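Here is the structure we will look at, set down as structure tokens.
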């Protein structure tokens, strides 16, 4: 069965792109780690080895937990998949989700860990890094990510028993990360990586060995669709937003669980990011990141909300309505701004409460970057964001138009100099112009479904 799950995942991605496009993401990882290897001496001058290891390992854990939660609580409910069809196949839901867990471990290891290791090994040729160093570091990252996968799998099994248990588990994980950032609780792999003590490695392997069987046995043998009774609030939303299409998208977002999914794919990671930024400031002894730089990072991560909104409708029915594809895209963009504002603005307020003079600039920068990214994503990929993930042409254009201005604004927000301010203003003006052009292009380019 595992072979079929892997083949399904492969075909799922080939469906939205060519086979050669699957190499794009691993290639990006190899190139980025190769550059990081070359500049690692400069990186250590900015932040110490101790804090860099801490940040890297806990980031891998959060990434693994996020990917696993996305798979089990989000994509697992998609129609026409092996997981969805397990109720009519001669296989229990318990085994089906276990195979999905193994598939993700194999798939994302091949997609991320192996390319990262290849990039670091190549980096030993152009830096003073050694093969043993990069091997231990890659092993630590792999195990951190695997712990994150296991935590996501285990949290899913708790959700099958009781949603309250799931929320308690999330609160416990958030509390642990907070205590870890405050140096109250340790992370075993950090001890293994820094001090080369096998005890940290053994504890980490033990955590994985305990979580996976527990998750397997806690997962119900048969998972039945949960019945949710939600009242129709469309008239209320129409009174608030005065637009039928936007009101429909908000209604679909609530009834379709998009807001709940957004909690785990945007809100929860943003809380972790908020703690992460605070931790970096503590690590370097001064505010290397401030509310301006945080607003840029918030807008970058917010694109995931657009991807959730783009899976709401069955386009076979949408094309029979008196709507163009651009009308639907504009509706997604408006709903995206509403949802992300509810999440992001409070985070910015909390982050700047001691220096509220930066708040208006942080909010303006957040909306500028968010609208710029939204216009770019919508113009390139339309009402289905899947095409942007593995299409090399789209990935190249998206990277070209987003990485450079994003880096300029991020550096300018950290280094408050006259030159950086001038560059930030010029970049902002160009982003505004490009955003307006993209919005006009969307209406011309996306007419039909």
Across segment 364-376, the tally of residues that are under 14 Å from residue 331 (Cα atoms) and either more than 18 Å from the chain's Cα centre (by Cα) or surrounded by fewer than 24 Cβ atoms within 10 Å (Cβ to Cβ) (or both) stands at 2
Inspect segment 166-175 for any residue being farther than 18 Å from residue 62 by Cα, at pLDDT below 85 and assigned to a helix (DSSP H, G or I) and give the result as yes or no.
-> no
Kindly indicate which of 190, 222 is outside the structural domain of residue 306 (by TED's automatic domain parsing) and not in a helix (DSSP H, G or I).
-> 222
Kindly indicate whether any position in segment 123-130 is surrounded by fewer than 17 Cβ atoms within 10 Å (Cβ to Cβ) and assigned to a helix (DSSP H, G or I).
-> no
In segment 109-128, what residues are at pLDDT below 85 and within 27 Å of the chain's Cα centre (by Cα)?
-> 111
Checking 388, 434, 422, 357 in turn, the sole residue that is part of a helix (DSSP H, G or I), closer than 30 Å to residue 323 by Cβ and at pLDDT 75 or above turns out to be 434
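The values are calculated or read from the model by the stated rules, or taken from the named source; none is laboratory data. Quantities reported herein were computed from a predicted structural model and do not represent experimental measurements. So basically every Cβ, Gly included, is an ideal-geometry build from the backbone, and we count neighbours across all protein chains shown.
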